[in-house]
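Here is the structure we will look at, set down as structure tokens.
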Amino acid sequence: MHKRSILVGAAIAVTVRASLPVLLRAQLRSALKRLNTGDYEPLLDGFTDDAVLYFNEGPHRWSGPHVGRDGIERFLKNFVTARLEGEVGRVWMSGPPWALQICVRFDDKARAPDGEQIYANRAVLWARTRWGKVVEQHDFFEDTGRIRDLEAKLDELGVPAVG
């Protein structure tokens with residue numbers, strides 16, 4: 001009986017681990033869908049109180065690092081204020097559930113109030129988690145010049161930075 005219990009436990013563990021990427025992708029897409037409508041709370045809830053989000057430094061409102069929930073909240077408020085929208089692509093993960101490392105393909109774009117697309121970029125987001133919450137995140141963009149160009153366009157449109 002003991003051998004069978006071990007096999008059942010191992011099968012359950014393998015099944016749960018195999019389903020983690022699917023569950024994580026669904027959770028990320030749900031939080032991002034809310035972010036795209038202006039509600040950043042579900043995404044913010046995915047960070048620990050002492051998390052750090054490292055974003056491309058430069059002459060723009062998202063320049064990082066963003067430390068703690070307050071810093072990350074300002075970052076997300078600026079994301080929403082700029083009318084940015086994101087989309088989750090592939091998700092890669094490694095490690096045990098209590099210490100996952102996650103890579104996410106992320107595409108984002110922004111439109112002016114008249115509907116004109118004023119920005120589009122691609123990124124890979126790498127995060128280290130602790131029990132399902134992000135403690136450290138680094139965002140790597142395909143073209144960081146596009147972020148500076150977006151900042152200039154937002155200034156032209158009179159969209160203020162938050163924070």
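How long is the gain from residue 7 to residue 92 if the chain were fully straight, where each residue apart is worth 0.36 nm and the alpha carbon distance is subtracted?
27.9 nm
List nothing, just return the count: lysine pairs in the stretch 2-157, 8 or more apart or interchain, with Cα separation under 17 Å. Write out the running numbers ahead of the final one.
Working: 33/77; 33/109; 77/109; 109/153.
The result is 4.
Gaussian network model of the chain, Cα springs within a sub-10 Å range: biggest mean-square fluctuation belongs to which of 28, 20, 76?
Residue with maximal mean-square fluctuation among 28, 20, 76: 20.
With the contact rule set at Cα under 8 Å and sequence spacing of 6 or more, what percent relative contact order holds for the chain? List each step's numbers first, then the result.
Values: 276 pairs, mean separation 33.3, N = 163.
RCO, the chain: 20 percent.
Mind checking the full-extension length gain between residue 128 and residue 49? Use 0.36 nm per residue of separation minus the Cα-Cα distance, one decimal, nm. Show your work: numbers first, answer last.
Details: separation 79, 0.36 × 79 = 28.44 nm, distance 1.40 nm.
Working it through step by step, the gained length comes to 27.0 nm.
Over the Cα atoms of the chain, what Rg and Dmax result, in angstrom?
Expressed in Å, the Cα Rg and Dmax of the chain come to 18.2, 72.
Give the residue from 58, 92, 30 lying farthest towards the positive end of the charge dipole for the chain; charges sit on Cβ (+1 for Lys and Arg, -1 for Asp and Glu) and the dipole is referred to the Cα centre.
Working it through, the farthest residue towards the positive pole turns out to be 92.
Taken together, the values in this text are just the output of simple stated rules run on the coordinates, not laboratory data. Note that the coordinates shown come from a computational prediction; the quantities given were computed from them, not determined experimentally. Positions of Cβ are backbone-derived with ideal geometry, glycine not excepted, and every protein chain shown enters the neighbour counts.
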